Amino acid sequence: MRKIVDNATHIHPARAMLSSHVTLTRFAAVIALAAVFSGCAVKVAVDTNQTSIGAQATVKALLTHGDWLVVRGIHKTDNLVATLTNMPLSHAALYDAETNEVIESDGTGVHTTRLEDFLAKSHRVIIITPIWANETTRPAAVKSARAWLGLGYNYTGLVGLNAPDRFYCTQLAIDAYKEAIHANPPQNPLPPVILPGQMYYWGRIIYDSGAVD
């Protein structure tokens, strides 16, 4: 187990954002095609490397209402996302402590997943507390995300053409805190498209289960 409270060793956001623009088009194409043709019913690439029981227990103990869960999933599409974005993470979601569920958006749209099931489909799990999170904004963010349940997946948003009634994974996690963001804009401006591996720029890493072997 590794708890991380200092992000100083990470690549500077501006430099990482510049390099990420090169991969955004490929990122969008891969996700869109994978979701359209497989409907998220993809075969598991590796089913023996899931988050360990010990790590799952640690995640449950450290998670707080409204935290972000950023993961490297176990599906082939997750591997493609990680490879084409040159980042070790492939998906992001918002945690609802009241129901012990994760609110996420994938090829099937915005929906909830039991925390245990969400962790079971992940190699690596990182807990990030958004910089806007407090006793007031956390429940408001979860309430906003729940209001979007049933909405579709935002394919065009993957190339920066966002829509108010559709969400891709990181867009949902960020937009849940939209009111707090407007009230307190971040020093690192939010780009049109945010990759899972960039989420820590706007939060504090509480826990990292470790890199995939």
- [ ] Would you tally the residues in the stretch 59-112 being of a type in the set (S, T, N, Q), crowded, with 22+ Cβ neighbours inside 10 Å and in contact with a Phe, Trp or Tyr (Cβ under 8 Å, 6 or more places away or on another chain)?
- [x] 2
Task: Checking residue 116 against (1) within 16 Å of residue 154 (Cα to Cα); (2) modelled with pLDDT of 65 or more; (3) more than 14 Å from the chain's Cα centre (by Cα), the condition it does not meet - done: (1)
Task: Residues that are of a type outside the set (S, T, N, Q) and in a loop (DSSP other than H, G, I, E, B), drawn from the stretch 176-194 - done: 176, 177, 185, 186, 189, 190, 191, 192, 193, 194
TODO: Please verify whether the stretch 140-153 includes one or more residues that are within 21 Å of residue 207 (Cα to Cα) and surrounded by fewer than 18 Cβ atoms within 10 Å (Cβ to Cβ).
DONE: no
Open item on the list: For the stretch 142-158, give me the residue count where each residue is under 17 Å from the mean Cα position of the chain (by Cα) and outside any loop (DSSP other than H, G, I, E, B).
Closed with: 8
Open item on the list: Among the numbered criteria (1) touching a residue at least 60 places away in the same chain (Cβ under 8 Å); (2) part of a loop (DSSP other than H, G, I, E, B), which one does residue 197 miss?
Closed with: (2)
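The values are calculated or read from the model by the stated rules, or taken from the named source; none is laboratory data. Not measured: the values here are computed from a predicted model. With ideal geometry, Cβ positions are generated from the backbone for all residues, glycine too; neighbour counts draw on all protein chains shown.
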